[in-house]
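Working notes for the structure below.
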Amino acid sequence: MAHRESETQELLRLLDAGHSIQMLAPRRVGKTWLMHDVERRLKAQGWLTIFSDVEGMSTEDEFLRDLCKKIEEAGSLAQRAKGQLVHRLQQLLTSDIDGNPIKAIGHIDVKRFSEALVASLNEQPANVVILVDEIALFVAARLAADPTATLEFLYHLRKLRQAYPKVRWLLTGSIGLDVVARRAGLSGSLVDLEIFPLDPFSKPEARAYLAELCKNGKVRWRFALDDNGFDHLAEQLGWLSPFYLHLIANRIKSEAIDGGVPFATIAEIDCAFEQLLAPAYRGSFAAWEEHLTKNFPKPESDILHAILESCAGHPAGETVATLLTKLTQQHPAISQRALMDSLTALANDGFLIEATGRWQFRSGLLRRYWQKYICP
């Protein structure tokens, strides 16, 4: 995905300049791929990189255990850090951990353990970056179990970032960490992080990506797009993410003329979209609905569903005034401020976009799916 080169270079520049980063990245835009690309390039420059995917984790102990394992797997570059970590932990414990820092987890306060870990990394000759994917899901799970401990741990991590600047952090997730933090009053724990929004492809990037897929044989049937064909596809799709571009490209079947690569017609593109809305492809959209029910508590998830059902009724969407009128019928206590917070959350996560004073689905395909399968 060479089309993310400018984003990769900016992330590398920020990390090299000493910044830690919060990447705001809705689902299906290639954030995990981009993180791994950054990791690969930093490794080539001599950095010590530690990548952790915390989706499914629910405790600080699990998080720290995973970081220790990743240090172990990082090879010779991390061995000095491991030795220093073991030494620090031995000073904090009365029992022997036999050179295995994981044995200290559960026998020492998580904040003291995490400081020993980050301090050991900070003392390495190489620069260090800890890349944490799906951090917001982890924070949301911890908040549900122990809000006070979660708040204390997040503020503790902020202190570690300030005290040990040689260790940079790149945090991201499919739900905005800023949304989770604002909901729980934790925004102050994130103020030192550089905000880096990751958007879907621009139209030129999307067109180049489709051409690359076809050129490299990564679609079922090779095709080409003229200006009208691409404009129509982009308008119907709306959400120009790598995942959905590849999904629609795999359904476009054009008839070749004289053995060459055929240009897809508008009718053939429309046929591909209709196929994606068939029941067999519901799984390609399931993550959107699951995201609302899994990551937002009631009644917040109910309000988000109500907003989306209203906006799905028309391609142009709805105004704030109309949405507020409709929502107060089912949720009388909702305020305009609360509605705006919900709209912002839906925009951050890729559902909606504001255009000409109206809130509409960013993806025409997702809007049609919502109409067909979600709306009552």
Q.
Which condition from (1) in contact (Cβ under 8 Å) with a residue 40 or more places away in the chain; (2) among the acidic types (Asp, Glu); (3) over 30 Å from LEU157 (Cα atoms) is the one that GLU194 breaks?
A. (3)
Q) In this structure, does LEU48 turn out to be crowded, with 17+ Cβ neighbours inside 10 Å and either at pLDDT below 90 or within 30 Å of LEU143 (Cα to Cα) (or both)? A) no
(Q) Take ILE269 and tell me if it is crowded, with 17+ Cβ neighbours inside 10 Å, in contact (Cβ under 8 Å) with a residue 12 or more places away in the chain, assigned to a helix (DSSP H, G or I) and on the phi < 0 side of the Ramachandran plot. (A) yes
Q | Subset of the stretch 272-306 that is among the small types (Gly, Ala, Ser) and surrounded by 14 or more Cβ atoms within 10 Å (Cβ to Cβ) - its residue that is nearest to ALA136 (Cα to Cα) | A | SER301
Q. Looking at the stretch 160-186, which of the residues that are out of contact with any His (no Cβ under 9 Å at 6 or more places or on another chain) and among the small types (Gly, Ala, Ser) is modelled with the lowest pLDDT?
A. GLY176
Q) How many residues does the stretch 144-173 contain that are in a helix (DSSP H, G or I) and under 14 Å from LEU190 (Cβ atoms)? A) 12
**Q.** Within the stretch 11-35, tally of residues that are loosely packed, with under 14 Cβ neighbours inside 10 Å and closer than 30 Å to LEU237 by Cβ
**A.** 1
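The values are calculated or read from the model by the stated rules, or taken from the named source; none is laboratory data. What you see is a predicted model; the values in this text were computed from it and never measured. A quick note on method: Cβ atoms are made from the backbone with ideal geometry, for glycine too, and the neighbour counts reach across all protein chains shown.
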